[in-house]
Amino acid sequence: MTGPIEERVKPAAQVARDPDFRYREELMKRRAALLARTRAVERDLERTDAPVSASRNEQAGERSNDDVLCAIGETDAKELAAISLALRRIELGSYGLCTLCGHKIAPERLRVLPHAEYCESCALIEDAKHGAAR
């Protein structure tokens, strides 16, 4: 490691010329799609214009659908938070650097997961600690 991450942060003008900056547009598009889906999930959960089903089977199905919608909403909220952090890292010039070790995140990883905050090695360590994909 060559020093603290703060020492490697690039000025904003340099970020605009950085090839990693191309991910900003992709992150913005994904954020817009997630926000639209979040609004749709919230509308579906409210169901203010739909009558309550008379059948217990239909009510059970609606509750099951609500559970799925809630899970989607929680997953989307986590991804939205990760995208916001990635956009902030772009602004600061630290995008593409692992937030744990400070090493570069492989371009292949960023292509697949543009809001990645960890390099592959640190992601494996975090996954082992928390049991979740990063």
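The values are calculated or read from the model by the stated rules, or taken from the named source; none is laboratory data. Treat the numbers as computed from the prediction; the structure is a model and nothing was measured. A quick note on method: Cβ atoms are made from the backbone with ideal geometry, for glycine too, and the neighbour counts reach across all protein chains shown.
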Top-ranked residue in the range 86-103 [being surrounded by 14 or more Cβ atoms within 10 Å (Cβ to Cβ) and not in a loop (DSSP other than H, G, I, E, B); ranked as nearest to the chain's Cα centre (by Cα)]: Ala86
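To keep it simple, each residue is scored yes or no on (1) of a type in the set (Lys, Arg); (2) modelled with pLDDT of 85 or more.
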position: Arg30; (1), (2): yes, yes
position: Asp49; (1), (2): no, no
position: Ala71; (1), (2): no, no
position: Ser84; (1), (2): no, yes
position: Leu110; (1), (2): no, yes
